[in-house]
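The structure under discussion appears below in the form of structure tokens.
The values are calculated or read from the model by the stated rules, or taken from the named source; none is laboratory data. The structure presented is a predicted model; accordingly, all values stated were derived computationally and were not measured. Neighbour counts are summed over all protein chains in view; Cβ atoms, including those assigned to glycine, are modelled from backbone coordinates with ideal geometry. Each accessible area value is taken on the protein alone, full model and side chains, heavy atoms only, with ligands, DNA and RNA left out. Shrake-Rupley method; radii C 1.70, N 1.55, O 1.52, S 1.80 Å.
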Amino acid sequence: MPSRTVHVLDDDVAVRRSLEQLLSAAGLVPILYATPFELLEAAPRLAEGCLLLDVRMPRMNGLDVQEWLNRHGCHLPIVMMTARGDVSTAVRAMKAGARDFLEKPFDDESLLAAVRAALVVGTLDDRTRAVADATARIAALSPRERQVLDGLVAGRANKTIAEQLGISVRTVEVHRARMLVRLGTQTLAGAVRLAVLAQPQPSLP
Amino acid sequence: MFWTQRAASARTLRRAFRDLRGLSNLPARWLTLEPQQIAESGAKTLLAVLDADLTHVSLDARNDAETRIEITCTSDGAAHALPSAVRSLLREPPGTPSSASAVTEPLKCGGLQFVAARLAFGTGAVVAGSRHTEFPTDIQRVLLSVSANAISLAASRCPWEFDGQRLGVLVERSADLVGVATLDGETRYVNPAGLRFVGLASLAAARMARVIDFVHETDRNRMRDVVWPTVIRAGRWQGEVTFRHFATGAALPFLVDAFRIDDPQTGQPMNVATVSRDLSPVRESQMALRRLNETLEERVAARTAELAVMNNKLLVEIAERERADRRLKELQNELFHAARLSVAGQMAGALAHELNQPLTASTNYVNAARHLLARKVFDKEKVTANMTEGAREMVRAGQIIRRLRDFATDGEAKRRVEPVATLVDDASALALAGGEVGVILVRQFDPEAEAVFADRIQIQQVLVNLMRNALEAMAAVREPTLVVTTRRVDSDTIEIAVADNGRGLPAAVRDRLFEPFVSSKRNGMGLGLSICRSIVEAHHGRISADANEPGGTTFRFTLMAARLDDADA
């Protein structure tokens, strides 16, 4: 039986409390933290569940919190919440070991899927299987689709990618849509997640 | 002719001899005197020797009869002119004294006996008059005659000897070389200056040398064949001759005037003389001038070369500076663009985050309510609370948008009366700081549109934005022309228009031009014109865009008119 505890860190009280309502309604157990310091103080005692972190916060952002937790031996799975278009931050978070990331605003299905997946304590086999799956999907992309994905992972806008590849924005959009279908995901976040998984990973703590 | 005097006493005779001796010495004593002095001295001597009452001496001043010297002495010491009656005596031929002639009361002291003697040379004469009835005695006649001869001698010799003496001094002291030689070319005389020039110690040494020895080797043939024969034949030769320094052999350039001296009596050639001027100072100054000219040329050449090097350096520097300037402008451009992008980007980022928070919360609340409603048994109050919170978050999102808008327009606090021309000029300086080449800026200012009531910074933002857009639109235009026009629309409104002759607006964006995130530019965020509209509308103005004929776009916006007088009010 996986844990149902979700540690929520967001400096915005409305977001925090709305997440509490939604997660509760979905049968999960949210624990709220208003500041990074509240979470870090509690971190040594955290035994189970997953973390839902907001990237954009004053003074200490989600990535800083993630790094601190990694350093202090807290390896609970992390789902990062980012602003729309803040892909480069999401990629950094993924490379630093985050399980997934969500672009605000997100629908309840995306949130619950990401959180539930994180709550299933991942074994090494799960991870390996996920990496193999991601690698296979990425390998199925056409060279152009792969280039568009690389551009997106690098945090570039459609317009910039079009300029770099010497093709029109419209064509980039076509490639992007086809690439998402082939990867079996509907969101940029999902595609980026797969791309990051397929890349050689840094040694996980 | 001999005279004897019968009644001559011994005493009279002794006196006569003494006088004769004295008179014979006169010419020697008068040697250094001027003719005037000789005449005076003669007249006074006669007065004493003849015991006369009046004596007169007249002399030709020089060897011409034009300037006469006339001296009259009287026994009473008073000045008298020669009585006109005596003048006839002066016309007597030279020779023995005239016979005495009586003149009545020439001096208002009774009648006088006059006697005259003409001088040997010239037209001069000696006259003496006495009251004594026996005047002139034979002795007095002899004395008068001797005096006349003595005066005549002295006076006639005087100018010659005197002038000769003076000439001698002149020649001796002359700075030029003066020399005299025989017709055979034997040196007779060289003045001290000449001796110095040619390095000879004495006149004796000079007289040992022949004229040809004074001439430098290079000029001897010419001297022998041309100069000397010309002087002998024609009497004169002038020209340059190089003399020789006897000690060193150095060449001495001289301007030579050589002439023949003929015997005044016989007219036979006697000597050859020269007055020669040393040309070495002239030569030296010529040389110095030439050297100066040459060195000047050298210096000019050197300086020209220096200048050429400097010029090259300058050209290189200018090229480098131009490159640096271009790079700087590129950087400025990039910075300008980056700054605008990053400002827009930050605004977009802030906008996204600010809006995402309430949107996320609202979505979560609504979804939570949906989850609750999906249960068979649900807490109605909890569902209502979630729905209420969700709605409240939507309101919050709206408030954020309003707040951002207020932020962009920053209220009315900073609005002042601003001169329109200054606003436009400052903005065009900023907009053109990117270094666009060849952009023609036309300013058409309506004098009726002097000032607006506005926030200077914000209106400059609008103007800079419109101008930068125009410049970008004209990037490929041959003669990019930016026309900024001000116009008073009515008593409350002033319109500023920014027109370009660029590529114009695509139809796709024309209708949504001032909406956020609409852009016809590759890298445009689509915020510039929406911010412009926010600012203009916050100033109670309107902004619009029209297509130009044949190409380009005109953006117009209005502001509240003001008068500059109100600035301090």
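A few notes on this one:
- Residue pairs whose Cβ atoms lie under 9 Å apart, sitting 6 or more positions apart in sequence or on different chains, and linking a residue in segment B:130-150 that is farther than 15 Å from residue B:118 by Cβ and assigned to a strand (DSSP E or B) to a partner that is modelled with pLDDT under 80 and open to solvent by less than 10 Å² (accessible area, probe 1.4 Å), are B:130/B:112.
Residue-wise test of (1) among the polar types (S, T, N, Q); (2) surrounded by fewer than 16 Cβ atoms within 10 Å (Cβ to Cβ); (3) farther than 23 Å from residue B:544 by Cβ.
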residue	(1), (2), (3)
B:416	no, yes, yes
B:420	no, no, no
B:431	no, no, no
B:442	no, yes, no
B:447	no, yes, yes
B:462	no, no, no
B:466	no, no, no
B:469	yes, no, no
B:494	no, no, no
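Condition check ((1) at pLDDT 80 or above; (2) of a type in the set (Lys, Arg); (3) farther than 24 Å from residue B:24 by Cβ; (4) more than 55 Å from the chain's Cα centre (by Cα)) across all residues:
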| position | (1), (2), (3), (4) |
| --- | --- |
| B:141 | yes, yes, no, yes |
| B:156 | no, no, no, yes |
| B:160 | no, no, no, no |
| B:168 | no, no, yes, no |
| B:180 | yes, no, yes, no |
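One line per residue, one yes/no per condition, for (1) acidic (Asp, Glu); (2) more than 22 Å from residue B:373 (Cα to Cα); (3) at pLDDT below 90:
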{"position": "A:2", "(1), (2), (3)": "no, yes, yes"}
{"position": "A:5", "(1), (2), (3)": "no, yes, no"}
{"position": "A:18", "(1), (2), (3)": "no, no, no"}
{"position": "A:26", "(1), (2), (3)": "no, no, no"}
{"position": "A:30", "(1), (2), (3)": "no, no, no"}
{"position": "A:43", "(1), (2), (3)": "no, yes, yes"}
{"position": "A:47", "(1), (2), (3)": "no, yes, yes"}
{"position": "A:52", "(1), (2), (3)": "no, yes, no"}
{"position": "A:57", "(1), (2), (3)": "no, yes, yes"}
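- Residues of segment A:1-20 satisfying the condition of being at the interface with chain B (Cβ under 8 Å from one of its Cβ atoms) and touching a strand residue (DSSP E or B) at 6+ places or on another chain (Cβ under 9 Å): A:12, A:15, A:17, A:19
- Residue in segment A:57-70 that is more than 11 Å from every other protein chain (Cβ to nearest Cβ), in contact with a His (Cβ under 6 Å, 6 or more places away or on another chain) and over 21 Å from residue B:356 (Cα atoms) present: no
- Of all residues in segment B:384-409 being at pLDDT 85 or above and more than 9 Å from every other protein chain (Cβ to nearest Cβ), the one that is least open to solvent (accessible area, probe 1.4 Å): B:397
- The set of residues in segment B:262-292 that are in contact (Cβ under 8 Å) with a residue 40 or more places away in the chain and open to solvent by 60 Å² or more (accessible area, probe 1.4 Å) comprises B:270, B:277.
- Note on segment A:21-54: among residues that are away from chain B (no Cβ under 14 Å) and in contact (Cβ under 8 Å) with a residue 40 or more places away in the chain, the one that is surrounded by the most Cβ atoms within 10 Å (Cβ to Cβ) is A:51.
- With respect to (1) open to solvent by 30 Å² or more (accessible area, probe 1.4 Å); (2) within 13 Å of another protein chain (Cβ to nearest Cβ), the lone exception for residue A:87 is condition (1).
- Selection status of residue A:67, part of a helix (DSSP H, G or I), without any contact (Cβ under 8 Å) to a residue 24 or more places away in the chain and charged (D, E, K, R): no
- Applying a threshold of 9 Å to beta carbon distances and a minimum spacing of six or more residues, or different chains, the list of pairs starting in segment B:363-377 at a residue that is at the interface with another protein chain (Cβ under 7 Å from one of its Cβ atoms) and ending at one that is β-branched (Val, Ile, Thr) and open to solvent by 60 Å² or more (accessible area, probe 1.4 Å) reads B:365/B:388.
- Scanning segment A:145-162 for any residue that is closer than 30 Å to residue A:67 by Cα, crowded, with 18+ Cβ neighbours inside 10 Å and in contact with a strand residue (DSSP E or B) (Cβ under 7 Å, 6 or more places away or on another chain) turns up nothing.
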